[in-house]
Amino acid sequence: MAALSRSRSAGFIRAAAILVMIGATTTALAACASTPTPAATPSATPSQAPAESAAPSATPTPTATPVALTCSQLITADQIYAYNPNFGTDPGYSPKAGSLAAKAVAYKGLACGWLNQTSGDVIEVAVSRPPAGDLTSLKNAAVTNGQSVPTYGVPPQIDEAYFAMRGSAGEVQVFRGSYWITAVSTAFAEPGDPAPLIQNVLDNLPQG
């Protein structure tokens, strides 16, 4: 009986040992399963800097040439008196927005006004030297909207000249070299009316 009891005790001990070993193995496997495998960190690949493009060469913008004259030089007091004694310098003259004279001033030109003390008519004369491209556009517009006037002069004194009625006002455009000359007034009922003044301006302008 004692031998049987010892045998049973030894069996219990071995069984317990096996259970302990099984538990330890399970715990170890669980620990391995719960520990995540760190993901491989991708190696940083240096990005290639974009090639620098060549800077475009700057193209100079054409500009107008200033007109270095005063109104009394454009048409002198004696010349305006000879044209009509009733006309004198208009102290309140200012080019209207959108007018040919205002455009001439924008081109660094000169705009002048003379007032008829009797009738109230105003004669405005402007001169400018626009960039070549703009001058061509102005010529194209003038030939489209006016009639050619050869009596204002012929080459080389002038290149082109045009007259048109704009409502009650006569409008003159004359082109000579780099110059654009305009004259507008209700006193101009026909092309011949401003002819003496246009001649004065052409005589007084520097060559160019």
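What to note about this one:
Here's the yes/no breakdown for (1) polar (S, T, N, Q); (2) in contact (Cβ under 8 Å) with a residue 40 or more places away in the chain; (3) in contact with a strand residue (DSSP E or B) (Cβ under 8 Å, 6 or more places away or on another chain):
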position: Thr89; (1), (2), (3): yes, no, yes
position: Pro95; (1), (2), (3): no, no, yes
position: Gly98; (1), (2), (3): no, no, no
position: Lys103; (1), (2), (3): no, no, yes
position: Tyr107; (1), (2), (3): no, yes, yes
position: Leu110; (1), (2), (3): no, yes, yes
position: Val122; (1), (2), (3): no, yes, yes
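- Members of segment 155-171 that are part of a strand (DSSP E or B) and within 16 Å of Leu100 (Cα to Cα): Ala161, Tyr162, Phe163, Ala164, Met165, Arg166, Ala169, Gly170, Glu171
- Matching residues, segment 192-207, being farther than 15 Å from Asn84 by Cα, out of contact with any strand residue (DSSP E or B) (no Cβ under 8 Å at 6 or more places or on another chain), in a loop (DSSP other than H, G, I, E, B) and not polar (S, T, N, Q): Pro206
- Restricting segment 115-155 to residues that are of a type outside the set (Val, Ile, Thr) and touching a helix residue (DSSP H, G or I) at 6+ places or on another chain (Cβ under 7 Å), the residue that is surrounded by the fewest Cβ atoms within 10 Å (Cβ to Cβ): Gly153
- Remark: Ala164 falls outside the filter, which requires a residue to be touching a residue at least 60 places away in the same chain (Cβ under 8 Å), among the aliphatic types (A, V, I, L, M) and more than 25 Å from Thr70 (Cβ to Cβ).
- Among (1) surrounded by fewer than 16 Cβ atoms within 10 Å (Cβ to Cβ); (2) at pLDDT below 95; (3) touching a Phe, Trp or Tyr at 6+ places or on another chain (Cβ under 7 Å), the one test that Ile158 misses: (1)
- For Tyr81, the requirement of being more than 17 Å from Trp180 (Cβ to Cβ), out of contact with any Ser or Thr (no Cβ under 7 Å at 6 or more places or on another chain) and surrounded by 12 or more Cβ atoms within 10 Å (Cβ to Cβ) is met.
The values are calculated or read from the model by the stated rules, or taken from the named source; none is laboratory data. It should be emphasised that the depicted structure is a prediction, and the values quoted were computed from it without experimental measurement. Cβ sites come from the backbone with ideal geometry, for glycine too, and all protein chains shown count toward neighbours.
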